[in-house]
RNA sequence: GCUCGUGUGGUGUAGUUCGGUCCAUCAUGCCGCCCUUUCGAGGCGGCGACCCGGGUUCAAAUCCCGGCACGAGCACCA
């Protein structure tokens, strides 16, 4: 290299290039650093079966935040032709008790996001015998022990780096207490099983960490069968090994979890999976939210349910008409970084617009309608064929008929106030005089504003529900009622995308706002 | 307090492993223009960043040291 630089000084860089071209053409390629697209490569993924897992707590349906885990894990599984396990980490009955319905909801949300079923579904609560077996093994081999300190007492010991008085008891004594825990003879909080690590580890979080605790509460799936339940770090570690998980992708708040679990794996002499982390995600529009917080708000009737259009749940996104593949694109674009990030729904919406613009029919929706009488002498009747999509990407068209009996139309108040000369989109340039409209030309004759409009005989009352931070805004108006159906997503011209949710026999059509 | 992690435009990202066409990628956002019978979509152009300070080097976003900022863990929650 030094030699090359000297040559460059004397003969110029061109000389080097010529030399290299002769001697080592490869050195000239790969100069420009390329932009990586999509997911990065996984470490240590060749020559082995890639097994990943997505492990939510079934205490509510999936949120936007969860969807990152679903997308990233499933895309990696796809990339490496591996498999993805959906695992319900439901071993807590006290702080975040499982919600029976949530198991089903999560499976539905998962399928909606990925478009397929998970390869394996595991419910931790149904795998209890395995966890208890390993716990017993741990105690029998002397690398786990029953500690009867209170959590407060242990916290003090841990912070001071002092061993628990129960740490050096005999295996027999430990097994005796273990049996009492199992049989329910020890009350909640009076004993815990710890993994023996070391009290001298610099990181206090890793010192003799708790693996199982006592819970005498009823579990919605397995009832009161078990008195001792594993904590996440233990349960997850055991299950990952049982399932042959090769790669774990988790939040960086779980970095200490990895370290704890590695110490456990050393005891068992297992090989720990490759681990990747991502940072915290905040969604601008939603700020801080938690599943349990949402649950409480719903119970207080602040929201209509988990699919309330103001909530950051997958159910809500589905209801509003988001496309699952834009959610996938969105997360893949964000990729994996350990940075804590703030994202905006705007970005997701932009992905979604690109995805659905070519799929959605155009319809007219007039807010604050003003009725105008069109003067149509001489050109009567008029049959307008307006395509469903300006580039005909959605087949078909709507037919609007205007004749002497049907010459009343609606225009938005705002547009009428803006100018008396306006262009009715797809139709004619008119001049408005009070409540009358005179057609000046069928052609575009000037730069007058182009507005959307609607013949009276094609219109029907409609309500557009728009989610706003805390409220649902209500926009009343008149909707074009040609070829619409419940569940249909359309672009309301000059307004934005919306989903038609309900077409009742009487009363206004109900629509939900998607995005602009 | 102890431990761990992260700093690239308003936001998110690529590049950092292995220093060199990087006066830094792409997207989103914002601004302007064009096109279009939508304020949508599309096209074009513009705005805007390597946390700070040293060091090594011909050369630093990239390596080293020291700051600073932000975040997380230290639960018998997940």
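Quick notes
- Residue count for the range A:407-438 under the criterion of being more than 25 Å from residue A:389 (Cβ to Cβ) and touching a helix residue (DSSP H, G or I) at 6+ places or on another chain (Cβ under 7 Å): the result is 2.
- Cβ-Cβ distances below 6 Å connect the following pairs, each with a first residue in the range A:140-164 that is within 23 Å of residue A:180 (Cα to Cα), a second residue that is assigned to a strand (DSSP E or B) and more than 10 Å from RNA strand B (Cβ to nearest atom), and a separation of six or more residues or different chains: A:144/A:195.
- The listed residues are A:362, A:398, A:367, and the only one of them that is closer than 21 Å to residue A:409 by Cβ, near RNA strand B (Cβ under 9 Å from one of its atoms) and over 18 Å from the mean Cα position of the chain (by Cα) turns out to be A:362.
- Residues that are within 14 Å of residue A:410 (Cα to Cα), in a loop (DSSP other than H, G, I, E, B) and within 50 Å of the chain's Cα centre (by Cα), drawn from the range A:434-450: A:435
- When residues in the range A:440-460 are screened for being under 22 Å from residue A:417 (Cβ atoms) and more than 16 Å from RNA strand B (Cβ to nearest atom), 2 of them pass.
- Residue check for residue A:297: more than 9 Å from RNA strand B (Cβ to nearest atom), touching a residue at least 24 places away in the same chain (Cβ under 8 Å) and assigned to a helix (DSSP H, G or I): no
- Cβ-Cβ under 9 Å pairs, at least 6 apart or on other chains, the range A:22-49 side farther than 27 Å from residue A:275 by Cα, far side modelled with pLDDT under 85 and within 11 Å of RNA strand B (Cβ to nearest atom): A:28/A:17
- Between A:332, A:383, A:379, the distinction of being part of a helix (DSSP H, G or I), more than 7 Å from RNA strand B (Cβ to nearest atom) and more than 25 Å from residue A:476 (Cβ to Cβ) belongs to A:332 only.
- Taken over the range A:148-183, the criterion of being modelled with pLDDT of 95 or more, within 14 Å of RNA strand B (Cβ to nearest atom) and within 40 Å of the chain's Cα centre (by Cα) is satisfied by A:181 alone.
- Of the candidates A:245, A:281, A:228, A:193, the single residue that is at pLDDT 95 or above, under 29 Å from residue A:101 (Cα atoms) and either within 14 Å of RNA strand B (Cβ to nearest atom) or exposed (fewer than 15 other Cβ atoms within 10 Å of the Cβ) (or both) is A:228.
- When residue A:90 is tested against (1) buried (at least 22 other Cβ atoms within 10 Å of the Cβ); (2) within 13 Å of RNA strand B (Cβ to nearest atom); (3) under 15 Å from the mean Cα position of the chain (by Cα), exactly one condition is not met: (3).
- Selection of first residues in the range A:416-439 that are more than 8 Å from RNA strand B (Cβ to nearest atom) and of second residues that are in a helix (DSSP H, G or I), restricted to Cβ pairs under 8 Å at least 6 apart or on distinct chains, gives the following pairs, ordered by first then second residue: A:422/A:415; A:422/A:416; A:432/A:416.
The values are calculated or read from the model by the stated rules, or taken from the named source; none is laboratory data. Just so it is clear, the structure is predicted and the values come from calculations on it, not from any experiment. Neighbour counts are summed over all protein chains in view; Cβ atoms, including those assigned to glycine, are modelled from backbone coordinates with ideal geometry.
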